[in-house]
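Scroll down for the structure; my scribbles are underneath it.
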Amino acid sequence: MTLKFLGIISNTPTDESPTIWLHEESGDLLIQSYKATEKETEDCRAVGSVPGHSTDVPDHETIIRLPAEMLKYIPRPDDGEDDSAGTAGP
């Protein structure tokens with residue numbers, strides 16, 4: 001697996017570090033972030049998604065809360081390579 005570090009939340013404490021990586025072969029994002037609270041998870045279930053789709057969260061999935069600051073690290077189809085995206089190295 002080839003991962004590329006994309007970024008970490010600025011001014012992050014050493015024991016809390018929302019971080020984002022890109023799996024270069026698949027294009028998938030791997031995200032370390034805060035777990036959604038039970039209330040946030042309940043709210044997501046209440047809002048739902050597409051008609052007929054379950055609102056349950058399977059055991060192999062979770063809902064995370066991604067700080068808005070982290071959105072700048074999510075690659076866009078028109079993005080060029082920018083090695084300055086991260087605020088700290090791996």
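The values are calculated or read from the model by the stated rules, or taken from the named source; none is laboratory data. Bear in mind the structure is a predicted one, so any value in this text is a computation, not a measurement. A quick note on method: Cβ atoms are made from the backbone with ideal geometry, for glycine too, and the neighbour counts reach across all protein chains shown. Please note that ligands, DNA and RNA were not included when accessible areas were found on the heavy atoms of the full protein model with its side chains. Shrake-Rupley method; radii C 1.70, N 1.55, O 1.52, S 1.80 Å.
When ligands, DNA and RNA are left out and all protein chains stay put, how many square angstrom of accessible area per residue does the chain have with a 1.4 Å probe? Let's see the in-between values first.
Numbers: 6730 Å² over 90 residues.
Computed with neighbouring chains in place, this is 75 Å² per residue.
With the full set of protein chains in place, find how many percent of the accessible area of the chain is carbon and sulfur; take the probe as 1.4 Å. Intermediate values should be presented prior to the final figure.
On the way: 3480 of 6730 Å².
Here carbon and sulfur together make up 52 percent of the probe-accessible area.
Computed from the coordinates I sent, Cα Rg over 2.2 N^0.38 Å equals one of [x] 1.68; [y] 1.25; [z] 1.21. Tell me the label.
[y]
Please give the helix 38-47 orientation as an angle from the longest Cα principal axis of the chain, in degrees from 0 to 90, rounded to the nearest 10.
Tilt of helix 38-47: around 70 degrees.
How large is the dipole of the chain about the Cα centre if only Lys and Arg carry +1 and Asp and Glu carry -1, each at its Cβ, rounded to the nearest 20 debye? Intermediate values should be presented prior to the final figure.
Numbers: 7 positive and 18 negative charges, 41 e Å.
That gives a dipole near 200 debye.
Mind checking which of Leu22, Cys44, Ile64 is farthest towards the positive end of the chain's charge dipole, using Cβ charges of +1 (Lys, Arg) and -1 (Asp, Glu) about the Cα centre?
With unit charges placed on the Cβ atoms, the residue in question is Cys44.
Simple spin-label model, 7 Å along Cα-to-Cβ: Glu61 to Lys35 in nm?
Each label point lies 7 Å from its Cα, and together they span 1.8 nm.
Report the calculated FRET efficiency for Thr14 and Ala68 (r = Cβ-Cβ distance, R0 = 30 Å), to the nearest 0.05.
Details: r = 22 Å, r/R0 = 0.73.
With a Förster radius of 30 Å, E is 0.85.
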